[in-house]
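**Q** Structure incoming, see below.
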């Protein structure tokens with residue numbers, strides 16, 4: 001290292017000047033390191049936010065969700081949409097917004113049952129009505145309670161009212177039924193499960209969605225292997241993982257990149273089960 005020393009300055013004076021200069025440079029260096037660390041931290045935060053935003057944008061861009069995916073849903077043997085409330089809020093929404101004059105509604109007497117609609121059910125065949133009745137039974141609290149079967153009834157839209165009688169109170173998601181009911185006795189609580197090309201029923205790109213319903217409906221409309229969902233000991237989340245794993249090969253081969261584990265979870269009733 002070359003060092004400049006004043007010709008007429010003492011060695012001690014020159015050394016002192018270099019010492020003071022080094023202290024100033026050290027402070028500048030420390031400040032620069034702190035500033036660099038702050039900048040790197042800020043950049044990491046901004047990159048993380050950007051990555052999250054990008055991932056969310058990609059997730060949102062994957063596909064448009066159908067309106068009925070807010071609910072439990074199925075397709076009947078002859079292509080009628082079946083929708084069922086997930087809770088009191090979605091039961092309320094079905095009654096107030098989606099119940100139409102050509103629909104048929106289904107329910108059970110057990111507390112915590114879903115309100116179920118067979119869209120266009122007034123023109124449906126008996127097999128489609130049975131499909132909806134089975135769905136109503138399976139997605140009621142009866143499954144979680146371990147029932148093997150349950151009675152289900154159907155009613156027309158004009159029999160459903162949100163107006164309680166004198167002195168009565170209707171909780172959220174509840175309704176009043178007036179008139180005669182049609183009964184479907186001892187509906188077995190079991191579902192068939194496969195994948196459905198939803199574009200065959202609704203205008204969309206080709207999308208395969210997990211699909212649970214009656215054996216008749218799934219056999220007619222499924223695109224791949226059919227499994228049975230029965231009462232059992234497997235937790236809902238574990239059952240969904242098993243189903244996801246089972247159909248993984250088909251989904252990968254057909255580039256069904258939109259499906260997530262949650263898509264499988266949403267097609268299963270509440271409670272324990274087994275997959276065959």
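The values are calculated or read from the model by the stated rules, or taken from the named source; none is laboratory data. Being a predicted model, the structure only gives us computed values, none of them experimental. Every residue, glycine as well, gets a Cβ built from its backbone with ideal geometry; the counts of neighbours run over all protein chains shown.
**Q** If we scan region 212-235, do we find a residue that is crowded, with 17+ Cβ neighbours inside 10 Å and under 30 Å from residue 165 (Cβ atoms)?
**A** No: zero hits.
Residues checked against (1) without any contact (Cβ under 8 Å) to a residue 24 or more places away in the chain; (2) surrounded by fewer than 22 Cβ atoms within 10 Å (Cβ to Cβ); (3) not in a helix (DSSP H, G or I):
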site: 78; (1), (2), (3): no, yes, yes
site: 92; (1), (2), (3): no, yes, no
site: 97; (1), (2), (3): yes, yes, no
site: 101; (1), (2), (3): no, yes, yes
site: 109; (1), (2), (3): no, yes, yes
site: 112; (1), (2), (3): no, yes, yes
site: 122; (1), (2), (3): no, yes, no
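**Q** Go through (1) surrounded by fewer than 19 Cβ atoms within 10 Å (Cβ to Cβ); (2) modelled with pLDDT of 90 or more for residue 171 and report which single condition fails.
**A** All conditions are met except number (2).
Matching residues to (1) surrounded by fewer than 13 Cβ atoms within 10 Å (Cβ to Cβ); (2) free of Cβ contacts under 8 Å to residues at least 12 places away in the same chain:
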position: 138; (1), (2): no, no
position: 141; (1), (2): no, no
position: 144; (1), (2): no, no
position: 155; (1), (2): no, no
position: 162; (1), (2): yes, no
position: 165; (1), (2): yes, yes
position: 192; (1), (2): no, no
position: 196; (1), (2): no, no
position: 205; (1), (2): yes, no
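**Q** While we're looking at this one, here's another question. Which ones in region 1-18 are surrounded by 10 or more Cβ atoms within 10 Å (Cβ to Cβ), without any contact (Cβ under 8 Å) to a residue 12 or more places away in the chain and not in a loop (DSSP other than H, G, I, E, B)?
**A** Residues satisfying the conditions are 13, 14, 15, 16, 17.
**Q** Which one of 48, 84 is surrounded by 10 or more Cβ atoms within 10 Å (Cβ to Cβ) and at pLDDT 95 or above?
**A** 84
**Q** Among 128, 151, which is the only one that is buried (at least 23 other Cβ atoms within 10 Å of the Cβ), assigned by TED's automatic domain parsing to the domain that holds residue 74 and modelled with pLDDT of 90 or more?
**A** Numbers: 151 fails: buried (at least 23 other Cβ atoms within 10 Å of the Cβ).
That would be 128, the only listed residue that is buried (at least 23 other Cβ atoms within 10 Å of the Cβ), assigned by TED's automatic domain parsing to the domain that holds residue 74 and modelled with pLDDT of 90 or more.
**Q** Restricting to helices (runs of 4 or more DSSP H) lying wholly in region 189-274: which have 3 or more residues that are within 14 Å of residue 73 (Cα to Cα) and touching a helix residue (DSSP H, G or I) at 6+ places or on another chain (Cβ under 9 Å)?
**A** By residue number, 261-265.
Conditions (1) in the same structural domain as residue 82 (by TED's automatic domain parsing); (2) in contact with a strand residue (DSSP E or B) (Cβ under 6 Å, 6 or more places away or on another chain); (3) under 24 Å from residue 154 (Cβ atoms), marked per residue:
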{"site": "185", "(1), (2), (3)": "yes, yes, yes"}
{"site": "207", "(1), (2), (3)": "yes, no, no"}
{"site": "215", "(1), (2), (3)": "yes, yes, yes"}
{"site": "232", "(1), (2), (3)": "yes, yes, no"}
{"site": "236", "(1), (2), (3)": "yes, no, no"}
{"site": "264", "(1), (2), (3)": "yes, yes, no"}
